[in-house]
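Just so it is clear, none of the values below were taken in a lab; they were calculated from the coordinates. Only a predicted model underlies this, so the values are computations on that prediction, with no experimental measurement involved. Note: ideal-geometry Cβ built from the backbone for every residue, glycine included; neighbour counts use all protein chains shown.
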Amino acid sequence: MKIFKFGGASVKDAEGVKNVSAVLGSQGFSKCLLVISAMGKTTNELEKVVELYFKKDNYQAEIEKIKRKHIEIANGLFPESHAVFAEINLFFDDIDSFLRRNKSPNYNFVYDQVVSCGEMISTKIVSEYLNEIQFTNQWLDARDYVQTDNSYREGIVDWAKTEEFISNLNKEICYVTQGFIGSDENNFTVTLGREGSDYSAAIFAYCLNADAMTIWKDVPGVMTGDPRKFSDVTLLSNISYEEAIELAYYGASVIHPKTLQPLQQKNIPFYVKSFVDPAKPGTKVGFSESNQNEESYILKEDQTLLKISTRDFSFIAEDHMSQVFAFLAKYKIKVSLMQNSAISLALCLEDKFLNADELNSELQKEFKTELIKNVSLFTVRHAKKENIDQFYQQKNVLLEQISKNTLQMVTQ
């Protein structure tokens, strides 16, 4: 089977959905599984619904606004009498019904039950449209296949159960399913982390022993830098799994960090291609004699710099490090860069759940700390020695680290 993943930008409106069908036509619509994200900015809009709900504000008006957008998209794809309109209404009624009945104060739990509906609705629309134009497919509820623990918003996949369920699918037909979501043992929805649809595609590819996986983006492939942030970037036509993993880890937004390892384990070729120009080759990730190691630039914004030192100027020892990382795990804060000296530890952090202040308060009971928010982590892979000086120009560098292949600096 082939696995195709289409993100929200590719299905943001009726013309986008039609373009997806054109891309599929050019690739050959047979023995494939499509993983589709929520349409356009729907995830952001549903996040706002959750925020309004917890503020006891008028979340129903926001739900109605999102529903109208989806009805408008469907109007551009289906006749008025089509059954998909009733399905769309039902999904939005379910969101409202859940929020009216919910008694849980757990923000992350509520978030997953509500925000996941974006994927459910988008895949239903795309699946019905493809069937309408004779691209026969079966719609799957990913929650029946991707099994996780109950770590809401950061679900950990139960690979044994997931592989057992997915491997039973009929590999001779086509499917449309959701990215980003799975379910726990109580059948509650669990999301796999923001932008987790790429990871979902890799899960299905791994469990189905797919021939290849392709992610369709609005860029030509994996570039030497985000063209919206850097000039004179070029396409990386062939890169290794290891290089792709490094780029993703450092923050290259075109690839989700968890995507590569399942594919690498089974040597499944992975392509990043443009849905705007599907005839172009894009980027191939996998084993190749022509893999590139070009100078590449990654800017990771909205980071937090945390500086920690002991109150008595004693060494930062293993027990101190253990304490700090236990708190990082507790507050679900990820480390993007770490640097330690005898008496201090500096951490560049990704604080997706906005827990840095609580972490800092906890650490201040034992340590001296300094918290600096809204910093950026600038990474250069395969930096050329003759270019290094230019990277420091017009930057207030708070922390830097240079290894054999990588230059990193935290800037303000």
- For Met338 and Asp57, extending 7 Å from Cα along the Cα-Cβ vector and measuring point to point gives, in nm, a value of 3.8 nm
- Task: Using 0.36 nm per residue of separation minus the Cα-Cα distance, give me the extension gain between Lys229 and Asn293 in nm, one decimal.
- Result: 21.0 nm
- Based on the Kirkwood radius over alpha-carbon pairs, what is the Stokes-Einstein translational diffusion coefficient of segment 181-274 at 10 °C with 1.306 mPa s viscosity, in µm²/s? 112 µm²/s
- Task: Only one of the values (i) 1.22; (ii) 1.10; (iii) 0.99 was calculated from this structure for Rg/Rh (Cα atoms, Kirkwood Rh); name its label.
- Result: (iii)
- Item | the chain: relative contact order as a whole-number percent, Cα under 8 Å and 6+ apart | 13 percent
- What's the tally of Lys pairs in segment 235-368 whose alpha-carbon atoms lie under 19 angstrom apart, where the two lysines are 8 or more places apart or on different chains? 22
- Query: For Asn387 and Glu370 in the same chain, what is the full-extension length gain: residue separation times 0.36 nm, less their Cα-Cα distance, in nm?
  - Reply: 2.9 nm
- Message: Can you return the aspartates and glutamates within cross-link range of Lys373? Criterion is Cα-Cα under 14 Å, with same-chain partners fewer than 8 residues away left out.
- Response: Glu301, Asp302, Glu350, Asp351, Asp357, Glu358
- Query: Given the Cα-Cα distance of Asp94 and Ser361 and 0.36 nm per residue of separation, how much length would full extension add, in nm?
  - Reply: 92.2 nm
- Item | Selected from Lys284, Lys368, Lys124 as most flexible by GNM, with the chain as the system and alpha-carbon contacts under 10 Å | Lys368
- If the label point is 7 Å along Cα→Cβ of Asp319, which residues in segment 356-371 have backbone nitrogen under 19 Å from it? 363-368
- Item | Value of [θ]222 nm, deg cm²/dmol, for the chain, DSSP H segments ≥ 4, -39500 (n - 2.57) each, nearest 500 | -11000 deg cm²/dmol
- Query: Points 7 angstrom from Cα along the Cβ direction at Asn131 and Val276: gap in nanometres?
  - Reply: 3.3 nm
- Those aspartates and glutamates that a straight Cα-Cα span of less than 12 Å connects to Lys69, excepting residues fewer than 8 apart in one chain: Asp13, Glu45
- Item | Eligible lysines near Lys31 by straight Cα distance, threshold 16 Å, same-chain separation 8 or greater | Lys2, Lys5, Lys171
- Build a GNM of the chain with springs between Cα atoms under 10 Å: which of Thr234, Thr42, Thr259 gets the top mean-square fluctuation? Thr234
- Determine the percent antiparallel among the DSSP beta bridges restricted to segment 139-280, to the nearest 5. 40 percent
- Task: Could you work out how far apart the two model spin labels at Lys103 and Glu64 are, taking each label as a point 7 Å from the Cα in the direction of the beta carbon, and quote it in nm?
- Result: 3.0 nm
- Nearest-5 percent of antiparallel DSSP beta bridges in the chain? 65 percent
